[in-house]
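Contents: one structure, followed by commentary.
The values are calculated or read from the model by the stated rules, or taken from the named source; none is laboratory data. Since the structure is predicted, the reported quantities are computational estimates derived from the model, not experimental observations. In this analysis, Cβ positions are derived from the backbone assuming ideal geometry, glycine residues included, and neighbour counts consider all displayed protein chains. Side chains are part of the model used for accessible areas, which takes the heavy atoms of the whole protein and leaves out ligands, DNA and RNA. Shrake-Rupley method; radii C 1.70, N 1.55, O 1.52, S 1.80 Å.
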Amino acid sequence: MAMYVLYEHAAGYGLFSVKEFEEIGMLLPQVEASVLDLSRFNAIVKLVGFHPFKTAMAALNNVNAISEGLLPDDLSAFLDTTLPKSSKKKVTLGVADAKLGAAISEALEVQCSHIGAVPEILRGIRHHFVNMVKGFTDQSAGVAQLGLGHSYSRCKVKFNVHRSDNMIIQSIALLDQLDKDVNTFSMRIREWYSYHFPELVKIVNDNYLFAKVAHFIKDRKSLTQESLVGLEEIVMDAEKAQSIIDAAKMSMGMDISVIDLLNIEMFAMRVVRLSDYRQELAAYLGSKMNSVAPNLQALIGDQVGARLISKAGSLTNLAKFPASTVQILGAEKALFRALKTKSNTPKYGLLFNSAFISRATLKNKGRISRFLANKCTIASRIDCFTETPTQVFGEALKQQVEDRLKFYESGTVPRKNLDVMKEALEVVQTEAAQSKKKKKNKRALEDTNGSAAAEANGNGVDGPQKKKKKKKFNDTNGEDAADESVLNDSSAVADVSNGELKKKKKKKNKNGTAEA
């Protein structure tokens, strides 16, 4: 059986024939040893044909198709013309990728292999490719590989379907890090400033407010009754502000130097800014969740939903998970420990942070966790595969979880999932119809405004141009155009009539008749 090997390079496709393949397969260790020796390798492997890529765009299209396991037209034509036609069924084609081999076998009916000695032969071809193709140099090969590598990477980043998910994953990771940092820095500012004003810790419990108050007070001896208004604005409590001023007058804290106070003030300002940025980041995360996974957001909130997406790797991965996996996502250590010790498996992972779990009684926590995981799976699948994002399904699923909580507490029988989903689907359809109607009315209003503007301007040139635009617009918008045809025709008549009137006026003015 004849053996051929296909090698995909950044410059093009190369097809190589292999001599005595059956003996080579038996002597695999000797092949591994002789791969790096060009003279010995040339005795086994010979170049049959080389198909260079004509443009960089062609190379990019081919490598994109190969990466997805598809057979490009260029490669199909090259193999069809280069492989011996008479003995195609007796030919074995060695390929690097099993998916590509399956596509070639299906399209050209050629037996493909990616195991045995094929990987070693491909390694040798990769090593000696420059010397085996005439007119090819290391420099030209490097340029082709670099250019294709950059364009392929850019293409993958540009068309990455998970790029919005990546923003959510990075945002929630940064949010968790900021929470830890702000907490640590707040404890540091409390300890540091308490040497000077220890009573302030008991009066102001909130870390963020403590940092703002410390930055406002600076030296406690500078506090007077005039500072009451500024303190009230920060702590939002007149009694608390007055108690701070009273405590400052008879504080037992030590005196502090100017430079130490300056450093405390700068650090307090940094803590305040970090806290403010943390709030901005939380708002950004909410907006991204609203655009990427609105139903999941409506069901369990921004942060829990974002943590689920982050743990799964992407929204698509989360949509592929079964509900049982979503339920214990984030509790992998406890799960494997339970399996190892043959004890009870965990009831919840990241879903424990949801408000539904905390509201349920101890007896029902596992049951509501399982139910919530089921609804999270439905929400993530709707978000992943829907074309028009909406929160209607998420709100319906949330109401179902609420009803299930009531059922566990009072025994009230909840509605069936099928009925709830049908209602939600009807709401979505009515909303879509209303939005379509609004768009149609807006277009009609713009068209009428355009025709009115043409009448006001009175320019004969504007009329035909706007008619052309309307015609082009109607051609591109199929169904809407049919409804608007009457309106456009009326505006066109108005323009023509105005034109005629203006012409008559001009004639009258030239002749100097009654108007003159």
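What to note about this one:
- Average accessible surface for segment 74-233: 57 Å² per residue, computed with a 1.4 Å probe over protein heavy atoms with every protein chain in place.
- ³J(HN,Hα), Karplus 6.51/-1.76/1.60, whole Hz, each residue of segment 56-66, x for Gly, Pro: 5, 5, 5, 4, 5, 4, 5, 5, 5, 5, 5
- Length gained when the stretch K54-D219 is fully extended (0.36 nm per residue, less Cα-Cα span): 51.9 nm
- Here the translational diffusion coefficient of segment 175-249 follows from Stokes-Einstein with Rh set to the Kirkwood radius across Cα pairs; for 10 °C and 1.306 mPa s it amounts to 125 µm²/s.
- When the surface is traced with a 1.4 Å probe over the full set of protein chains, H150 keeps roughly 100 Å² accessible.
- Each part reduced to its alpha carbon centroid, segment 77-150 and segment 348-375 end up 54 Å apart.
- Compared with the alpha-carbon gap, the fully stretched path from T137 to F407 is longer by 89.7 nm at 0.36 nm per residue.
- Peptides ranked, highest mean first, by Cβ atoms within 10 Å: ranges 383-390, 290-297, 68-75: 290-297, 68-75, 383-390
- Three-way shape label, segment 73-216, alpha-carbon gyration tensor, a/c 1.5: prolate
- Normalising the average separation of contacting C-alpha pairs (under 8 angstrom, six or more residues apart) by the number of residues puts the relative contact order of segment 128-216 at 15 percent.
- Anisotropy class of segment 243-361 from Cα gyration tensor, a/c 1.5 cut: prolate
- Point-to-point label distance, K442-T184, nm (Cα→Cβ direction, 7 Å offset): 4.8
- Area accessible to solvent at R270, 1.4 Å probe radius, in Å²: 150
- Put a dot 7 Å past the Cα of Q429, heading toward its Cβ, do the same for R40, and the two dots end up 7.3 nm apart.
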